[in-house]
Every structure is written in structure tokens, then in C-alpha cells.
């Protein structure tokens, strides 16, 4: 803000008789608004050469009056290594302005050893006023979306872009009068409908006010605009920064007000109404005031619910707590029950950009939630988000109410984010992913919601099918979690009746990292569903080979457990994201797996192999009598975007006891 942009344009032109370069210095952007005393500003130069010949030995000089230092270019600096060909180039310097008010003249000029037919346009000057006035700016943050009639936060603030304090600061926020106030912090008053004023005696750096508002009860035009303006006792050097606007989009909401299977106010009717609606975003909101014998409300479904076909719809059982308070701190407020007799899915998502959250779904003879291909199909970046769901258990996450499977996907090119769910107690697999880009993060699969105790799924915890390309179980990229953290985003996958994570033999680029996998009846990870195999197929003409652990011992002098091993197909020990890299993910468990191949009860961290593939890892503390194991994960850029990586993980290595 108030950034002073100056530009120097250098052009090279040839006369009809002689070769030459006409250096022209002109502004591209010149911000001449007053600068507070002591402030820093970036001075940018844009350099253009119109040809036909390059300019040689180009020197740019930048000077300023008033004691302002301009750095190395004050006496001239070689520009672009001395040669400016045809085209534009950009450079710049940051200037520190004086601590006293006054005018500063900044001059930029350019010279070249190439003859210049018009030296008169080789320089340009601007006068900048340095002021002792303060420079106050407003910040205003509102959520991008809000539910009708429910509370949402609004953060209002004021900060200085100079070191000069502002006194008697008032920030006035105006908004639609149907938005009402729930809570105000100290210093703020609600003077009239649609207006809040927050006061600070002094702003030395930053003040912030956190306000809770209620959204309108009706949809209206679908948007609420907030406008904030700040005033202070002093003169302000840049008044435009004293105002700010933002807006919040309202969900077009369809209310569930009864636990009845059908009719007005039922979940069935809300899905039908949302499917028939036009526009976006849409929300199915729960506001059930009926009495119940449990802390949650149970919707007993008598036949399969209609598929969700409306794109951009959100179904959120958490809205029930927004209206009536959190009656069930152990889990969701809304349960959808098939009673163990309904031959269908709890919810069927056949739409793009859908969110399902804060529900308990159990007792269906198919999937708790199915995600299938939309008609028309979604674009590749479409997202289905499933989170804070209890699938296969009661709403406390302590006893089973099984579906056939928790989640099943056959979703084409959907991205499917599954996070913070309890997926336990189902008859078959917890997650059965036939297709789609699955990102499975921070779930409890086969265990109770609030304890590491068994609530198993009858088959695998997670199954990744052949068309679930580039899926991940656990943190897979820095876009969502800390890539190297041993616990960030990890899933608990335990006690399941078959494999912890089963991967089809021809599934590609499946990452399984930093999870807690133990006490499953079969292998922790089984690629190809054929028992322990050292190698798994992958792209780039390589296989992903399980590590071979060679050392696992406690060093009492360092109070560390030393773990070493080899990654047989490691290529390089270079930077983590440089080319094709192999890394060991290392785990510890209380007991050996009966197969002899480890599971991973606790993630210890990650180690890179050296040029020979050998790795060395040190864990804090004494892990004597623990069993350690490791997986091998390959990481490589996908060739499309530099920040996207193709990764694939091996099965667990053979377990080794710590000596």
C-alpha cells in the first residue's frame, strides 16, 4: 500500500544511416502520493529496448535528494550485465525515506556506449513529498460463505503503514440491516441496525476486533456486503486506505425440520428441492426441534434417499448445533439410519463440488456414502469433500451400526477429500475407492472415535482400486499438511478384519505415509493383494522396493535409537524435490506382526537415502524392545506443474527389534 513505483524505460532505436540505441527513460507507474517519514518504498525500473540494435555498456544511475540513499546505483550500476537487447526488463531498489518532512527529488537516467541519437530523453525525475502525517489502513475479514440465520465471524482492524501513531480511531462498519449482532468485543457498539462502530484510543501498530454476527434469515440477493471506514484525530497521508469492502455469499438453504422419512421438512424433501434448484451455493441445513431420547436426532430412512445431483450443494449436520447448541460433544448431532434393512446407500453423491459433513450414517446394506460419476461429468478439478462423519458407528463412535462399507467411490475424475471421519464398524471395507483422486487424511478407520480400541471394519480399512490414480492415504503434499511431519494428517488404521491398506496391483502413484497402522488381521499394506512382496510396480520404468533395515539399536550416550537401512532402488540423495527421490518412512510398534513384515503403530519420521541408497535415522529416546519397520516412497515431479509430485509407497519392510 502506498508503494511508490517509478519506472525507467530504455529504448534502442536505429537511424536510417547509423546504427545506434536511443535510451528513453520514462515512468511506467509513478505513485507520487505522500510518503510517511521513515517509510521504505520500492522503486521499480522497467527497461525496454525498441531496437534495432542492442545497447552496449548500459549504466543506470539513480539519485535522490534529502539524504535518501539509493544504494549501488547512486553512482551508476551496470544494467542487465551491460547489454540491453530488444525487449523489456525490470529491476528495482528499496529506498529509505528521511525522518523529517519535506520534498525528495528522485532522478533516474541511463547511458550507453552505443551512439544515442536523442540523449535528451535519457532521464526522468519525480518529486515525492515526505509527510509527518500518519497513515492508517483498515482490514476487514468475513467468511466467503455463511448459512442463513446462523452466526459467523467478522474481523475488523486498523493498522499503520508508518511508525506514526494514530489517536481516537473510530472504525465504522455498515452492512445489511437484516444481519444482526450476536457478540461484540470491548470497544465496539451496535449503534443502529446494520452499523457497528469500534473505537481505539491509540493505534501504535495494529488493533483488531472480533465480532460474531447472525446471517439474515432469508436468502435475499444471496450476498451481504460489508463496508468499513476509519477516522483518526490526525491528518492521514493516504485517505483511500482508510476504507475497505468485502462480502459474504449466503447459502440458498433447504431446511430439515423433522426426523420423518418424507414430506415437508424431511431430509428426503430437502434433497429433492436442492436438486431442483438453480444457482449455487446450496445448503441442506438441519433445524430439528423435536424431542428425542438421545442427544442426537435420528432420521429413520424407510427406502433409499434420492441421489444428490445438484452441484455446489453442502449437507451439514453441524448446523443443528448452530441452532440448538452442541448436545452431543462426542460426535454428530444428526444420525441417518437404515436400520440394517435398507438395500441402498445412506447418501449417494452424483454431483460436482459437493460437501457432506457432521453426520452419523449407519445401517445401510450398501455404502454409508457413495460417490459416483455426475451427469454431465465434472471437470478434473471438481472436489467432493467428506468430513467429520461417523460411518458405521453410532453418533458417539463407540459401538457399531454397520453399513456394508463406509465410503465407496466410482467417481471418474473427481478429487475426493476424506478427512476427520470415523469409519469403523462396517461389514466390509471402511473405504472402498474404485476410482477418483482420493486424499484420505486424519481419519480413524477400524477404531473407536475417542480411544485406540477396536471397532473393526470386516474387510480392509482402505482399498485403493486400479482407477484411483494419484491417491494418498495420509499426508501427501505440503498443500494440506507438513510433508515431513511424522504425525500431521495421519490416519489411524487398526483392528480391521483384513488388510490395513490394500492397493490393487495396477494402481499407480498411491502414497501411504505417516499413518498409524497396526493390529489388522492381514498385512498393514498389501500391494497386489498377494501377501508380502518386496517390490511394487510404478511409473518411470521403476519398481518401488521395500527398505531393508540393517541396524536398530539404542545408544544410551546420546539417548537416541539409531536406525539404519537401505533403499535398494534409490537413485539420489539430492534435494527432496529435485528429480527422482526415494525416502524411507520409519515406524515403531509394540509387537511384531505375525507375518514378520511390520506394521507401523507410530510414525517416527522420514530419512533420505544417500547416493548408495543407505539411510541413517535417529529417534529420540529408548525404543528398546519396540519393533521398527519402514516403507519406501518415491517422489518425482509429474512434468505438468512444478509443485505437483507423483509419489508411490512400498509395502512395509520386514520388522526388526530394537536392541
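The values are calculated or read from the model by the stated rules, or taken from the named source; none is laboratory data. Keep in mind the model is a prediction, meaning the values are calculated, not measured. Positions of Cβ are generated from backbone atoms using ideal geometry, with glycine treated the same way; all protein chains shown enter the neighbour counts.
Laid out as a table, the results:
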read-out	value
Residue tally, condition surrounded by fewer than 24 Cβ atoms within 10 Å (Cβ to Cβ), under 18 Å from residue 420 (Cα atoms) and modelled with pLDDT of 95 or more, over segment 472-515	1
Within segment 59-72, tally of residues that are under 25 Å from residue 36 (Cβ atoms) and at pLDDT 80 or above	6
Qualifying position, being touching a helix residue (DSSP H, G or I) at 6+ places or on another chain (Cβ under 6 Å) and not assigned by TED's automatic domain parsing to the domain that holds residue 71, among 160, 150	150
Number of the condition not met by residue 95 [criteria: (1) at pLDDT 75 or above; (2) surrounded by 19 or more Cβ atoms within 10 Å (Cβ to Cβ); (3) in a loop (DSSP other than H, G, I, E, B)]	(3)
Filter pass, residue 412 being in a strand (DSSP E or B), within 27 Å of the chain's Cα centre (by Cα) and in the same structural domain as residue 472 (by TED's automatic domain parsing)	no
In segment 235-283, residue farthest from the chain's Cα centre (by Cα) [restricted to those that are under 30 Å from residue 101 (Cα atoms) and in a strand (DSSP E or B)]	236
Filter result for residue 399 (within 23 Å of residue 332 (Cα to Cα) and out of contact with any helix residue (DSSP H, G or I) (no Cβ under 7 Å at 6 or more places or on another chain))	yes
Strands (runs of 3 or more DSSP E) contained in segment 173-234 and holding at least 2 residues closer than 26 Å to residue 252 by Cβ	180-183, 206-214, 223-231
Counted residues, segment 319-340 - those being in contact with a strand residue (DSSP E or B) (Cβ under 6 Å, 6 or more places away or on another chain) and not in a loop (DSSP other than H, G, I, E, B)	9
Flag if residue 536 is buried (at least 21 other Cβ atoms within 10 Å of the Cβ), within 16 Å of residue 632 (Cα to Cα), at pLDDT below 90 and not assigned by TED's automatic domain parsing to the domain that holds residue 658	yes
Residue count for segment 290-318, restricted to those that are over 19 Å from residue 371 (Cα atoms) and not in a loop (DSSP other than H, G, I, E, B)	5
Verdict on residue 140 being under 43 Å from the mean Cα position of the chain (by Cα) and more than 27 Å from residue 230 (Cα to Cα)	no
From the options 113, 109, 125, residue that is farther than 30 Å from residue 233 by Cβ, touching a residue at least 24 places away in the same chain (Cβ under 8 Å), more than 31 Å from the chain's Cα centre (by Cα) and not in a loop (DSSP other than H, G, I, E, B)	109
Scope segment 341-385; condition over 27 Å from the mean Cα position of the chain (by Cα), surrounded by 21 or more Cβ atoms within 10 Å (Cβ to Cβ) and not in a strand (DSSP E or B); matching residues	345, 346
